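Okay, so here's the structure we're looking at.
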Amino acid sequence: MNTKEHWENIYQTKQLNEVSWFQQKPQTSLGFFEMFSVHNYAKIIDVGDGDSYLVDYLLELGHQDISVLDISKYALDRAKQRLGDKAKNVKWIEANAAHFQPIEKYDFWHDRATFHFLTEHEYIENYIKTANENIAVNGVLIIGTFSENGPKKCSGIDIKQYSEKSLQEAFLPYFKKINCFTTDHKTPFNTVQNFTFCSFRKK
């Protein structure tokens, strides 16, 4: 089973609240939008959103230029169905984050728990290069990964853990670190996953 087939299977066989990354309200992610006072006309992309609720909250906050990227067509379709008429106000992108080729530049790039699935050097470098080339100057990059105290796998797939230091170093050539911290995510199964989050400014 290839990567796309794996994720299509996950989303076809599990409900939204049956996956470990589920959040009723993505408070940490929303906190970054508040921290950076992201204006309503900023070009936003949420990488690996799946069918999470972040896009719902962003629409409620009045954001008008939102792109949602995921490898799973089924996940995107579920999000569209949930949003109903509001779905037409979102740009939906079915793509693998490792090979994504944007057609516009973004002011705010958000990624919670997608980057850490890239374990091969080629894919990591390609993701960083793509972010560098497609985030506007002074734009903001938010990356959240499992920390060194977090899980080593997710949905049966190996991931790459990051400390604050190693995540900063990964993006250092093109981005200036603003802030890093670790935080616990409580899963629907009452387990805890420790995350590293870093915010960066495009140089």
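The values are calculated or read from the model by the stated rules, or taken from the named source; none is laboratory data. Since we're looking at a predicted model, the values are computed, not measured. Don't worry about glycine lacking a Cβ; one is built from the backbone with ideal geometry, like all the others, and counts go over all protein chains shown. Ligands, DNA and RNA are excluded from the accessible area calculation, which covers all protein heavy atoms including side chains. Shrake-Rupley method; radii C 1.70, N 1.55, O 1.52, S 1.80 Å.
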Subject >> Environment charge at F197 (Cβ cut-off 13 Å; Lys +1, Arg +1, Asp -1, Glu -1) >> reply: -1
Original post:
Relative contact order for region 26-98: what is it in percent, counting Cα pairs under 8 Å that are at least 6 residues apart?
Top reply: 32 percent
Subject >> Nearest-20 debye value, region 18-132 charge dipole, Cβ charges on Lys, Arg, Asp, Glu >> reply: 260 debye
Subject >> Between region 1-70 and region 110-187, the Cα center-to-center distance that results, in Å >> reply: 16 Å
**OP:** Using a/c under 1.5 as the rounded threshold, could you call the chain rounded, prolate or oblate? The axes a ≥ b ≥ c are square roots of the C-alpha gyration tensor eigenvalues, and prolate needs a/b larger than b/c, oblate otherwise.
**Re:** rounded
**OP:** With a 1.4 Å probe and every protein chain left in place, work out the accessible area per residue of the chain in Å², rounded to a whole number.
**Re:** 50 Å²
Original post:
Which shape class applies to region 78-182: rounded if a/c is under 1.5, otherwise prolate when a/b exceeds b/c and oblate if not, where a ≥ b ≥ c are the square roots of the Cα gyration tensor eigenvalues?
Top reply: oblate
Original post:
Roughly speaking, what is the stretch gain from E120 to D158, that is 0.36 nm per residue apart minus the C-alpha to C-alpha distance, in nm to one decimal?
Top reply: 12.6 nm
**OP:** Name every cysteine in the chain that ends up alone, with no second cysteine's Cβ under 4.7 Å, or say none.
**Re:** C154
**OP:** Using label points projected 7 Å from each Cα along Cα→Cβ, tell me how many nm separate H99 and M35, to one decimal.
**Re:** 3.3 nm
Original post:
Quick one: longest stretch of the chain between exposed loop chymotrypsin sites (Phe, Trp or Tyr not before Pro), exposed meaning at most 14 other C-beta atoms within 10 Å and loop per DSSP?
Top reply: 42-188
Original post:
If only Cα atoms are counted, what is the Rg of region 58-128, and what is its Dmax, in Å?
Top reply: 13.4, 40
**OP:** Let me know the longest stretch in the chain that avoids all GluC sites (Glu not before Pro) found in a DSSP loop with at most 13 other C-beta atoms within 10 Å.
**Re:** 1-103
**OP:** Let me have the 222 nm mean residue ellipticity of the chain computed from DSSP H runs of 4+ only, each contributing -39500 (n - 2.57), with the sum over all residues rounded to the nearest 500.
**Re:** -8500 deg cm²/dmol
Subject >> Overall Cα dimensions of region 1-116, principal axis frame, Å, largest first >> reply: 41, 30, 29
